[in-house]
Amino acid sequence: MRTYSATSSAPADAAWRLLARPQDWSAWAPHVRGAWGLGEPEVREGALGAARLFGAVPVPARIVAKRAGRSWTWRVGLVEMVHRVEPQARGCKVAVDLIAPRPLERALAAAYGPVIAATLRRLARRAEAA
């Protein structure tokens, strides 16, 4: 498992709203240009849908777990990504855990890990501005 995180001075619920609502994902993850079937207004456990990456590539995903206000997990093929918000004394931490078979995890960490880290920093800033 690889974990990426960023801290924010925003309250956890502000970060959660951005993290859990597919219609808001492009505000902090510009490579995500839309999503459908994953829940509305928030992701919904058991939902099967897709996220559109880079304006053209639909990526099928299933929401396999959700803990309201704190975390949700999606599965894309052999990969699971746990999206988390953790309240802290001042603000919150937003994090993504990347879980996959070791060779795939290594490849994704090298190729997509920097994108995850950058989008979490952007999410933290957007939550502060909300």
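The values are calculated or read from the model by the stated rules, or taken from the named source; none is laboratory data. For clarity, every value in this text was computed on a predicted model and none was experimentally measured. Quick reminder, even Gly has a Cβ in these numbers, built from the backbone with ideal geometry, and neighbours come from all protein chains shown. To get the accessible areas, we keep the full protein, side chains included, count just its heavy atoms, and leave off ligands, DNA and RNA. Shrake-Rupley method; radii C 1.70, N 1.55, O 1.52, S 1.80 Å.
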Practice problem: Could you tell me whether any residue of segment 89-108 is open to solvent by less than 40 Å² (accessible area, probe 1.4 Å), part of a loop (DSSP other than H, G, I, E, B), at pLDDT 95 or above and in contact with a Leu (Cβ under 9 Å, 6 or more places away or on another chain)? | Solution: yes
So, first residue under 10 Å from Y4 (Cβ atoms) and of a type outside the set (S, T, Y) in segment 83-111, second residue open to solvent by less than 50 Å² (accessible area, probe 1.4 Å) and not in a helix (DSSP H, G or I), Cβ within less than 6 Å, six or more apart or across chains; the pairs are V94/A6; V94/V85; A95/R84; V96/Y4; V96/M81; V96/H83; D97/V82; L98/M81
* Please tell me if A130 is surrounded by fewer than 17 Cβ atoms within 10 Å (Cβ to Cβ) and either touching a residue at least 40 places away in the same chain (Cβ under 8 Å) or among the aliphatic types (A, V, I, L, M) (or both). => yes
Query raised in the report: When you look at G46, is it modelled with pLDDT under 95 and either exposed (fewer than 14 other Cβ atoms within 10 Å of the Cβ) or in a strand (DSSP E or B) (or both), yes or no?
Result: no
task = Would you mind stating whether E80 is in a loop (DSSP other than H, G, I, E, B), open to solvent by 40 Å² or more (accessible area, probe 1.4 Å), over 17 Å from A127 (Cα atoms) and not small (G, A, S)?
result = no
